[in-house]
Amino acid sequence: TNSNNNNNNNNNNNSPNSTSQYRSILTPPSALSILRELTTFQKMLFIRCFQPRGFILAAQQAILEYLGPNCTTADTIDFDSIIAITESAMPIVLISSTDHTLPFLIQFAEQRGINITHLAVGRGLRAVTDQIIRSNAPQDRWVILENCHLAGDWMPSLARVIQALPSLKPHPNFRLWMTTIPQHSFPDSLLQLSLKLVMDPPIGLKENLLQAMSQLPSEVANNSRYAQQALPTYIEQRTAALTDASGLSGLLDSDGLSLGVSGKGANKGGGGG
């Protein structure tokens, strides 16, 4: 009888309907064994092939290991320093793949009590824009030209206006700001007259918070209440990462490389920080 019971138990465990078998098939392994044998650089290449959206963070991890933390820490935007190293007749070109910089620039001007004239460059405003630059240059104010990459054929005309700025005797506090995405429509003559700044959007929660809080007055930023308000944002980001933690997406958590690919491994990463 015991022998028959054991045989029945073995048959149940090996049957296609066995819950444990389905569980072993549907549950991914806690870690890919091959990753344990790879260097950080090899892991980066692995993720580039199988999880391209995680490549940037994987590259950051490789740079952190090989070159050190100074090469992975993004500088926050310091508009005070930008103004200090420029003159009123020198335009400032902000080059970015997104428009994340413009709100900080406008906020900075409002906090400093600076009057601004903000224009989104368009076909119907090009002639008006030339006149606005000429009329505002002698005044204590800024002119911000947004999306200059949309007016490539107008750039030579704008370059001539900027070349004439010194003759207009601009106010010492006057600044001309231009935003654009990386492209080749800017004439060389205009770029040579300008201060060019590549403003890459911050990557990750830490860099985003540092940039946002760097624009606040020090007496406000030092208030611990803002640190407490940052916690829900962090939890929301990590929750989204856990929701997407299936298959190879668990290889990379929101803070860097992770060897876990199962829900357990993802939860472990989510509890850190």
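The values are calculated or read from the model by the stated rules, or taken from the named source; none is laboratory data. Since the model is a prediction, treat every value here as computed from it, not as a measurement. Cβ coordinates were reconstructed from backbone atoms using ideal geometry, including for glycine residues, and neighbour counts include every protein chain displayed.
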Practice item. Have a look at 147, 173 and point out the one that is among the polar types (S, T, N, Q) and closer than 18 Å to residue 82 by Cβ. Key: 173
Practice item. Could you tell me which of the residues 108, 104, 186 is part of a loop (DSSP other than H, G, I, E, B), among the aromatic types (Phe, Trp, Tyr) and touching a residue at least 24 places away in the same chain (Cβ under 8 Å)? Key: 186
Point to revise | Conditions (1) under 16 Å from residue 119 (Cα atoms); (2) buried (at least 19 other Cβ atoms within 10 Å of the Cβ); (3) of a type outside the set (Ser, Thr, Tyr); number of the one not met by residue 131 | key: (2)
Review point. Of these, 144, 114, which one is touching a residue at least 40 places away in the same chain (Cβ under 8 Å), in contact with a His (Cβ under 8 Å, 6 or more places away or on another chain) and within 23 Å of residue 104 (Cβ to Cβ)?
Key: 144
**Study point:** residue 47 vs. criteria touching a helix residue (DSSP H, G or I) at 6+ places or on another chain (Cβ under 7 Å), at pLDDT 80 or above, of a type in the set (Val, Ile, Thr) and more than 20 Å from residue 171 (Cα to Cα)
**Key:** yes
Practice item. Answer yes or no: is there a residue in the range 147-163 that is in contact with a Pro (Cβ under 9 Å, 6 or more places away or on another chain) and assigned to a loop (DSSP other than H, G, I, E, B). Key: no
